[in-house]
Amino acid sequence: MFKNLVSIFSLLLAAILVSCTTPPPQPVPPPIILQTPKTPEPVPVPPPVPPPAYKPPVTSFTDAAEIENADSPAERIVMARRSVLGFSPLKQRLTKEQINECMDILSDTLMMEYELFLRPFSPFETTLIIKMQKLELPITVRTRLDLLRGSLKNQALLSLREAGRRGMYPAVPAIPGVEDKLLGGFDCVLASAGTTDGNPRCGDVIIRLKQPVKNIGWATPWNGLDFMAGPRQLVKKQNPADIYAQADKGQEIKVGFDDLNHLSQYVVIGKDWNRALAYQTILNLRKISASKQSPVILEKILIEAAPNVFWQTLASENIWCSLEAKFPGSVSAGYFESIEVNEKDLPIVLAWPEAAPYKSIIRGVPAKR
């Protein structure tokens with residue numbers, strides 16, 4: 001019996017020891033319930049405020065009253081160049097010295113650019129440049145017979161505005177409005193430099209001018225209409241024929257500040273006319289892939305030709321080489337070298353009293369041109 005008591009006691013003791021070493025049961029945590037997150041309410045975004053529109057100081061002739069009111073075409077061009085640089089006040093009047101110096105700079109810059117992009121020159125091209133700078137340049141004004149008598153009476157060629165101030169108006173204006181907007185064509189006597197006979201569309205009479213007239217003029221490679229139809233239309237990626245079509249229909253061709261500024265990069269003053277024509281000739285000779293004569297023969301002719309033959313050769317080979325010259329206000333008859341009229345009109349012209357001082361330089365030429 002005692003053994004049974006010991007066994008019971010041992011079992012009780014073992015139970016007590018187990019209960020003391022076993023940790024109490026931990027409480028079971030509540031189950032985790034996943035909740036779907038709520039979508040946040042959208043925050044209203046105010047519409048963006050556009051930046052103020054940029055307004056350049058000069059956008060067109062209409063906005064640039066100071067350019068419209070320029071005293072001369074050259075001043076208009078120089079004002080455009082000054083406006084591009086942003087100088088103010090824009091309405092500050094330019095001096096004559098500033099205008100002349102700026103035109104010199106524009107011409108010098110163009111010559112340097114021609115030379116930069118045409119280099120290297122071949123021996124023939126170098127010789128041609130030297131020759132052309134020494135040649136007498138054909139500078140011609142074409143006019144109508146009915147206007148010649150007035151020019152002889154006035155002892156000068158007059159611009160359209162100068163003629164208007166003197167009460168003389170041609171029956172039909174010979175200069176399109178685009179020429180005036182771009183180049184002040186109504187304020188200038190226009191001439192061709194580099195072509196032997198000028199533009200026949202301007203009249204049958206040819207007045208050839210002496211070389212010193214270059215000292216009072218400036219020029220561009222194009223007239224206003226050709227410039228708008230060529231370089232400007234190509235920049236705008238439009239059809240150049242549209243400009244000529246507008247002109248034929250008598251429609252206005254709009255001219256803006258950008259057009260004037262673009263054209264100002266092609267200004268050539270008188271001292272550079274021969275050089276500019278030399279660069280034009282080289283440029284066009286390089287473009288010609290075939291000619292009536294071999295290049296060697298053509299080069300020999302150009303180098304050895306007398307002045308008249310030289311210019312006629314360029315014309316016969318369709319080598320475009322010309323400038324449109326502009327002479328502000330008028331060109332005195334003292335610059336007239338010769339006056340050529342159709343042979344059939346020569347007796348009529350010589351009978352004018354106004355022609356008496358000029359009989360030695362008036363001559364008749366065949367009417368075919």
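The values are calculated or read from the model by the stated rules, or taken from the named source; none is laboratory data. None of the values given here were measured: they were computed from a predicted structure. FYI the Cβ positions are ideal-geometry reconstructions off the backbone, even for glycines, and counts take in every protein chain you see.
Quick one: how many residues across segment 130-146 are crowded, with 19+ Cβ neighbours inside 10 Å and hydrophobic (A, V, I, L, M, F, W, C)? Outline the logic, then answer.
Here is the first cut: in segment 130-146, the ones crowded, with 19+ Cβ neighbours inside 10 Å are 132, 137-143.
Then drop every residue that is not hydrophobic (A, V, I, L, M, F, W, C), which leaves 132, 137, 139, 141.
Total meeting the criteria: 4.
Checking the condition under 30 Å from residue 282 (Cβ atoms) and part of a helix (DSSP H, G or I), which residue from 310, 327 passes? Before the answer, list the steps.
Working: 327 fails: part of a helix (DSSP H, G or I).
Exactly one of 310, 327 is under 30 Å from residue 282 (Cβ atoms) and part of a helix (DSSP H, G or I), namely 310.
Applying the selection to segment 182-213, what residues are more than 23 Å from residue 81 (Cα to Cα), charged (D, E, K, R) and part of a helix (DSSP H, G or I)?
Selection gives 201 alone.
If a residue has to be over 13 Å from residue 256 (Cβ atoms) and free of Cβ contacts under 8 Å to residues at least 24 places away in the same chain to count, how many in segment 226-242 make the cut?
Going through segment 226-242 one residue at a time, the tally reaches 11.
If residue 121 meets every condition in (1) over 24 Å from the mean Cα position of the chain (by Cα); (2) more than 30 Å from residue 71 (Cα to Cα); (3) in a helix (DSSP H, G or I) apart from one, which number is that one?
(3)
Given the criterion in contact (Cβ under 8 Å) with a residue 12 or more places away in the chain and not in a strand (DSSP E or B), identify the matching residue among 339, 297, 301. Break it down into steps so the answer makes sense when it comes.
Values: 339 fails: not in a strand (DSSP E or B); 297 fails: in contact (Cβ under 8 Å) with a residue 12 or more places away in the chain.
Unique residue meeting the criteria: 301.
Here is a list of conditions, (1) more than 22 Å from residue 328 (Cα to Cα); (2) touching a residue at least 12 places away in the same chain (Cβ under 8 Å), and residue 265 meets all of them except one; can you say which number that is?
The one condition residue 265 does not meet is (1).
What residue, of 316, 330, 338, is more than 32 Å from the chain's Cα centre (by Cα) and either at pLDDT below 95 or surrounded by 15 or more Cβ atoms within 10 Å (Cβ to Cβ) (or both)?
The conditions single out 338.
Conditions tested, residue by residue: (1) acidic (Asp, Glu); (2) within 26 Å of residue 328 (Cα to Cα); (3) surrounded by fewer than 17 Cβ atoms within 10 Å (Cβ to Cβ).
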residue	(1), (2), (3)
95	no, yes, yes
104	yes, yes, yes
107	no, yes, no
119	no, no, yes
156	no, yes, no
159	no, yes, no
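From (1) outside any helix (DSSP H, G or I); (2) under 24 Å from residue 336 (Cβ atoms), pick out the condition that doesn't hold for residue 222.
Status for residue 222: all satisfied but (2).
One line per residue, one yes/no per condition, for (1) under 30 Å from residue 129 (Cα atoms); (2) of a type in the set (Gly, Ala, Ser); (3) under 23 Å from the mean Cα position of the chain (by Cα):
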residue: 180; (1), (2), (3): no, no, yes
residue: 202; (1), (2), (3): no, no, no
residue: 215; (1), (2), (3): yes, no, no
residue: 219; (1), (2), (3): yes, yes, yes
residue: 234; (1), (2), (3): yes, no, yes
residue: 248; (1), (2), (3): no, no, yes
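Scan (1) modelled with pLDDT of 95 or more; (2) of a type in the set (Asp, Glu); (3) within 30 Å of residue 235 (Cα to Cα) for the single condition residue 354 breaks and write down its number.
(3) is the only condition that residue 354 fails.
Evaluate the following for residue 149: is it modelled with pLDDT of 85 or more and of a type in the set (Lys, Arg)?
Numbers: modelled with pLDDT of 85 or more: yes; of a type in the set (Lys, Arg): yes.
Yes: the conditions hold for residue 149.
From 142, 161, grab the single residue that is without any contact (Cβ under 8 Å) to a residue 60 or more places away in the chain and closer than 28 Å to residue 338 by Cβ. Steps first, answer last, please.
Working: 142 fails: without any contact (Cβ under 8 Å) to a residue 60 or more places away in the chain.
Criteria check complete, one pass: 161.
Quick check, is residue 83 modelled with pLDDT of 80 or more and farther than 12 Å from residue 264 by Cβ?
Values: modelled with pLDDT of 80 or more: yes; farther than 12 Å from residue 264 by Cβ: no.
The answer is no for residue 83.
Is it fair to say residue 247 is small (Gly, Ala, Ser), in contact with a Pro (Cβ under 9 Å, 6 or more places away or on another chain), in a helix (DSSP H, G or I) and closer than 15 Å to residue 137 by Cα? I'd like the intermediate steps shown before the answer.
Values: small (Gly, Ala, Ser): yes; in contact with a Pro (Cβ under 9 Å, 6 or more places away or on another chain): yes; in a helix (DSSP H, G or I): yes; closer than 15 Å to residue 137 by Cα: no.
No; evaluated as a whole, the condition is false for this residue.
Give me the residue from segment 342-369 that is in a helix (DSSP H, G or I) and of a type in the set (Val, Ile, Thr) and, out of that set, farthest from residue 199 (Cα to Cα).
To start, the set of residues in segment 342-369 that are in a helix (DSSP H, G or I) comprises 343-350, 353-361.
If we keep only those that are of a type in the set (Val, Ile, Thr) too, we end up with 348-349, 361.
Working: 348: 23, 349: 21, 361: 21 Å.
Residue satisfying both the conditions and the ranking: 348.
Considering only residues that are crowded, with 22+ Cβ neighbours inside 10 Å and under 24 Å from residue 270 (Cβ atoms), which ones fall in segment 224-248?
224, 227
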